[in-house]
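S.K.: Right, I'll just put the structure down here and ask away after.
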Amino acid sequence: MHSISYMYKIGVGPSSSHTMGPKRAAEKFLALHSGVSSYKVTLYGSLAATGKGHMTDKAIIDVLSPVAPTEIEWRSDVFLPFHPNAMTFHAYDANGLEMGSRTYYSVGGGDILEEGQQVSARPEVYELSNITEIKEWCRNSGRSFWEYVDVHEGNTIWDYLREVWQVMKEAVQRGIEAEGVLPGGLGVSRKAVSYYVKALGYTGSLKSRGLVYAYALAVSEENAGGGKIVTAPTCGACGVLPAVLYHLHLTKGFSEQRILRALATAGLFGLVVKTNASVSGADVGCQGEVGVACAMAAAAANQLFGGTPSQIEYAAEMGLEHHLGLTCDPVCGLVQIPCIERNAYAAARALDSNLFSTFSDGNHFISFDRVVQVMKQTGHDLPSLYKETSQGGLATIRR
């Protein structure tokens, strides 16, 4: 497996697969073909179906148009075999003759693969790629999941995770202050500030739960507005993990060092899913985004509360298992309805998964790795209209 730094990408919203990925693809193509007269980019499948709502065309045009005029072609009726998020770039000379072309796939979390490339060319950091084997390493060594990260990544990962944590905190803090209507035409008002203020008026568990909602809404709304966030594992699910960690940091007094270790554990679980299945809503539905985010947050929370490796795995397993089959059906292709609300709900579920696991001894029948396999198969069995095409499910509802 690759470094968890590729799981946590710092960037701007609203979508890792539909905004970050296409932007990176455009930058790669530009590096190959800069002295040209024009560009044409054909977007296929899910990228074409929801690209306008996700600002896919803007992400590409912002990179290419300063060099040459750029045309975008939308082909939502065509799905290339390797992945539903496909795009082909063409470069032309002054006579209209093609100088080169490349097809890229945005495979989730901001990562892209070129046609013919089955896996990322990034260096392998971890020799183990599933939680069962990593948990066995923990048992034999007496160490925890975050220490597995430390052994394999070295000291440099902690500096990066410190930056990740800073960006997450700033997204929460901006989001609970911001007001107004989100862009896109749905007329969705930011709710984080009102949830935050109302939560402060309560005490005990109501206050705690309300604040978690507010923090998740804050980051998700920042993402929907094109703000700076961290993929965890994607832009569309970026509010879950920060909400849980920010809340526990403030209310339980967990130190920054312990928060960074929790981020390492969460990233490891996310990386296992990304390696063995997918975190792309266009590929496996929202179970691969919000479901994985819930699992990551549950694992992080359980570690903070002193869970054993078995309890941590159990918390993560529940976080993903109880999102199995969740469709990706954004209204108008925007990362707003139901995406923002799902982040808040999943953050609460992550804390519930942590609590449920804490009451247990960590023994459970279904392993995290088995749920990952089921999630992948379930996602591939879902019809395409339920996987980020904005053609089925809740996406058919219009105001």
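S.K.: Could you derive backbone 3J(HN,Hα) for region 99-108 from the dihedral phi with the Karplus parameters 6.51, -1.76 and 1.60 (θ = phi - 60°), listing whole Hz in sequence and x where the residue is Gly or Pro?
M.R.: 9, x, 8, 8, 10, 10, 10, 8, 9, x
S.K.: Which three numbers, in whole Å and largest first, are the semi-axes of the equivalent ellipsoid of region 169-244 derived from its Cα gyration tensor as √(5λ)?
M.R.: 20, 15, 9
S.K.: Please list, short to long, the whole-number percent of alpha-carbon pairs of the chain in consecutive 10 angstrom bins beginning at zero.
M.R.: 5, 25, 33, 24, 10, 2, 0, 0
S.K.: Name the long-range amide H neighbours of Lys9: under 5 Å, sequence gap of 5 or more, or other chain; modelled H, no Pro or chain starts.
M.R.: Thr231
S.K.: What's the percent breakdown of Cα-Cα distances in region 107-159 across 5 Å bins, shortest bin first?
M.R.: For region 107-159, the pair-distance distribution reads 4, 15, 21, 18, 19, 12, 9, 2, 1.
S.K.: Next question. Just to confirm the number: angle between the C-alpha axis of helix 156-175 and the first principal axis of the chain, 0 to 90 degrees, nearest 10?
M.R.: 90
S.K.: Computed over the Cα atoms of region 93-220, what is the convex hull's projected area averaged over all directions, in nm²?
M.R.: Convex hull of Cα atoms, orientation-averaged projection: 15.2 nm².
S.K.: What figure in square angstrom, to the nearest 10, would you give for the accessible area of Tyr386 with a 1.4 Å probe?
M.R.: 80
S.K.: Check which residues have an amide H placed less than 5 Å from Ile112's amide H, if you skip close sequence neighbours.
M.R.: Val107
S.K.: Taking only DSSP H segments of four or more residues, each worth -39500 (n - 2.57), what value at 222 nm results for the chain once the sum is divided by all its residues, to the nearest 500 deg cm²/dmol?
M.R.: Taken over the chain, the calculation gives -16000 deg cm²/dmol.
S.K.: Considering region 167-298, what Rg and Dmax in Å follow from its alpha-carbon atoms?
M.R.: 14.8, 44
S.K.: Using a 1.4 Å probe on the protein heavy atoms only, what accessible surface does Cys339 show? Give it in Å² to the nearest 10.
M.R.: Its heavy atoms expose roughly 20 Å² to the probe.
S.K.: Continuing with this model, one more query. Compute the whole-percent fraction of alpha carbon pairs in region 296-399 spaced more than 20 Å apart.
M.R.: Percent of Cα pairs beyond 20 Å in region 296-399: 48.
S.K.: Give the cysteines in the chain for which no other Cys Cβ lies under 4.7 Å away, or write none if there are none.
M.R.: Taking the Cβ cut-off of 4.7 Å, the unpaired cysteines of the chain are Cys138, Cys235, Cys238, Cys294, Cys332, Cys339.
S.K.: Right, next: Taking 22 Å as R0, compute the FRET efficiency from the Cβ-Cβ separation of Arg370 and Ser141 and round it to 0.05.
M.R.: Here the calculated transfer efficiency is 0.40.
S.K.: While we're here: Given 10 Å bins starting at zero, what is the percent of C-alpha pairs of region 36-167 in each, up to the one with the largest pair distance?
M.R.: Histogram of Cα-Cα distances, whole percents per bin: 10, 28, 25, 21, 13, 4, 0.
S.K.: While we're on this one: What residues have an amide H closer than 5 Å to that of Ile337, excluding those fewer than 5 places away on the same chain, when H is modeled at 1.01 Å from N in the peptide plane?
M.R.: Those qualifying (amide H under 5 Å, at least 5 residues apart or on another chain) are Val331.
S.K.: A further question on this structure: If you project the alpha carbons of region 344-399 onto the principal axes, what extent comes out on each, in Å, largest first?
M.R.: 45, 28, 11
S.K.: Could you pull the accessible area for Asp361 with a 1.4 Å probe, rounded to 10 Å²?
M.R.: 110
S.K.: Still on this structure: Quick check: the distance between the Cα centres of region 69-95 and region 336-399, to the nearest angstrom?
M.R.: With region 69-95 and region 336-399 each reduced to a Cα centre, they are spaced 31 Å.
S.K.: Continuing with the same structure: Exceeding 20 Å between C-alpha atoms, which entries from my cross-link table qualify? They are Lys228/Lys252; Lys23/Lys169; Lys28/Lys58; Lys52/Lys169; Lys23/Lys58.
M.R.: From Lys228/Lys252; Lys23/Lys169; Lys28/Lys58; Lys52/Lys169; Lys23/Lys58, over 20 Å: Lys228/Lys252; Lys23/Lys169; Lys52/Lys169.
The values are calculated or read from the model by the stated rules, or taken from the named source; none is laboratory data. Computed from a predicted model, the values in this text were never measured in an experiment. Note that each Cβ is placed from the backbone with ideal geometry, even for glycine, and that neighbours are counted across all protein chains shown. In case anyone asks, the SASA skips ligands and DNA or RNA and just uses the protein heavy atoms, side chains included. Shrake-Rupley method; radii C 1.70, N 1.55, O 1.52, S 1.80 Å.
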